[in-house]
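First comes the structure, then the notes that go with it.
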Amino acid sequence: MKHANVALFVPNNGCPHRCSFCSQRSITGKQVQPSAEDVRKAAEIGLRTLGPKAAEAEIAFFGGSFTAVERSYMDSLLDAAQPYLGGGKFRGIRLSTRPDAVNPEILNVLERYGVTSIELGAQSMDDGVLAANGRGHTAQQVRQASELIRSRGFLLGLQMMTGLRGDTDEKAWKTAEQLAELNPACVRIYPTIALRGTELGEAYLRGEYRPQTLENAVALCSGLLDYFERRGIRVIRLGLHASPELERDMLAGPWHPAFRELCESRRFFVGITGELHRLHIPEGRLSIAVSPVCVSQAAGQKKENLHKLSGLGYDARIVPDASVERGGFKII
Ligand code: SF4
C-alpha cells in the first residue's frame, strides 16, 4: 500500500500549543491554508498522473493537527475529497494529528468521510521530554489515542523524533519500544532540526540547546530503522524533506538530503562487521553479495563503508546478486 500519493499540507492553525521545534512554515514549505478547491485540483491531478494506481493511494492531509482545526474548515476539506473516493479512484484519506485531538466522536466523523489512515505525532514516549518541548500531551494520551484508532479499524501511523530537548539515545530507544507495542502499520522518524523562529532555535542561539550531530543521528536512526523493520513495521520516512524554506531557516541539526540512505548504509556496515565478528574473520579479502538495488547503500556514500572496512583490515568489494533479498547480504 502506498502511504500517500496526493498530499495537502494544512499548517498548524489547529494547534492548541506551540511545540519547541515547530515551524510548520519551514517544515511543510507552505504557509497558505489549502481550500476545498485546492483539494479538488490536487485530486484531479493525482488521478491523471496515477491512472489506475490511484485506487491504491490515499488523499493525505499532513502538516498540522488536522482534527483540531475548526470543524467547518475540516469538513470543507473532507467534503471536497468525497467525489474522488472509491470506484477506481482513491482508496481513502490519510491524515496526521495530535494524540489529544483524537476521541470517539471525531473518529465517527472521520469514518463517515472515508478516512482510512491516521498518523499521530507522538514524538516521544517520555513525559519529561514531551513537557520540555511544549507538546501539551502525555505518553498515556499517545497510548489511548493509538488504541482507539486501531480499535476502530483505521490504519495507525506513529511519528517519533530524536534529539529533542532533554532526549537521549536511551529515551529514544524506550520510545521506539513503546511505539512498537502499539502495533502501528508504519512509523516516521525525524531527527530534530533547530529552526529560526522556533523556541529550540532561540535556545540554540543562546547556547542552551545542542542538537544531535549528523553522525549520532545516523547511528541512532539506523538502529531504530532496523528495529522497526524487524518487527514488520514500515519506516515510511526518515528525516525531514528538503525544501527551500527548510534550508533557509535551518540553524543547526542533523539534516542531510539523503538521510535515509546514510542510515541504510550504516545499517549495512553494522550488519557486515557484526557478521565478520561472528564468523571470526579478522581480516582479508572478501566479496559481499547484496541485492542489485542495494549496491550503493552497502558500499556507503563515497564508498565510506568500504573505506572503513579497509581501515579494519578487509579488502572488500560489493557484488550484486539477485538472489539476496533487499537489505540483506551474504559474505563470500
Ligand atoms: S502539534 Fe505539530 S503542528 Fe502543532 S505546534 Fe506541535 S509540531 Fe507544530
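The values are calculated or read from the model by the stated rules, or taken from the named source; none is laboratory data. Everything quoted here is computed from the prediction, not taken from an experiment. Positions of Cβ are generated from backbone atoms using ideal geometry, with glycine treated the same way; all protein chains shown enter the neighbour counts. Each accessible area value is taken on the protein alone, full model and side chains, heavy atoms only, with ligands, DNA and RNA left out. Shrake-Rupley method; radii C 1.70, N 1.55, O 1.52, S 1.80 Å.
Provide a single number: the residues in the stretch 182-212 that are crowded, with 19+ Cβ neighbours inside 10 Å and without any contact (Cβ under 8 Å) to a residue 40 or more places away in the chain. Here the count works out to 0.
The requirement of being within 11 Å of the ligand (Cβ to nearest atom), out of contact with any Lys or Arg (no Cβ under 6 Å at 6 or more places or on another chain) and not β-branched (Val, Ile, Thr) is satisfied by ALA101.
For the condition more than 24 Å from GLN159 (Cβ to Cβ) and either touching a Gly at 6+ places or on another chain (Cβ under 9 Å) or within 16 Å of the ligand (Cβ to nearest atom) (or both), ALA80 does not qualify. The set of residues in the stretch 307-332 being of a type in the set (Phe, Trp, Tyr) and under 32 Å from the mean Cα position of the chain (by Cα) consists of PHE329 alone.
To keep it simple, each residue is scored yes or no on (1) in contact with a strand residue (DSSP E or B) (Cβ under 9 Å, 6 or more places away or on another chain); (2) within 15 Å of the ligand (Cβ to nearest atom); (3) within 21 Å of PHE61 (Cα to Cα); (4) among the basic types (Lys, Arg).
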residue	(1), (2), (3), (4)
MET125	yes, no, no, no
VAL142	yes, yes, yes, no
SER151	no, no, no, no
GLY157	yes, yes, yes, no
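Restricting attention to the stretch 141-179, the residues that are open to solvent by 10 Å² or more (accessible area, probe 1.4 Å) and within 15 Å of the chain's Cα centre (by Cα) add up to 3.
Put simply, of GLU283, GLU304, GLU264 the only residue that is of a type outside the set (Ser, Thr, Tyr), out of contact with any helix residue (DSSP H, G or I) (no Cβ under 6 Å at 6 or more places or on another chain) and under 22 Å from CYS221 (Cα atoms) is GLU304. Any residue in the stretch 135-153 that's in the same structural domain as ASP100 (by TED's automatic domain parsing) and of a type in the set (D, E, K, R): show its pairings with residues that are more than 16 Å from the ligand (Cβ to nearest atom) and modelled with pLDDT of 95 or more at Cβ separation under 6 Å, as long as the two are six or more apart or on different chains. Short answer, once both residue conditions are applied: ARG150/LEU156; ARG152/LEU107.
If the condition is being within 21 Å of SER117 (Cβ to Cβ) and exposed (fewer than 14 other Cβ atoms within 10 Å of the Cβ), then the stretch 56-75 contributes GLU56, ARG71. Does LEU240 satisfy being assigned by TED's automatic domain parsing to the domain that holds CYS221, open to solvent by less than 60 Å² (accessible area, probe 1.4 Å) and touching a strand residue (DSSP E or B) at 6+ places or on another chain (Cβ under 8 Å)? Spelling it out, LEU240 is indeed assigned by TED's automatic domain parsing to the domain that holds CYS221, open to solvent by less than 60 Å² (accessible area, probe 1.4 Å) and touching a strand residue (DSSP E or B) at 6+ places or on another chain (Cβ under 8 Å).
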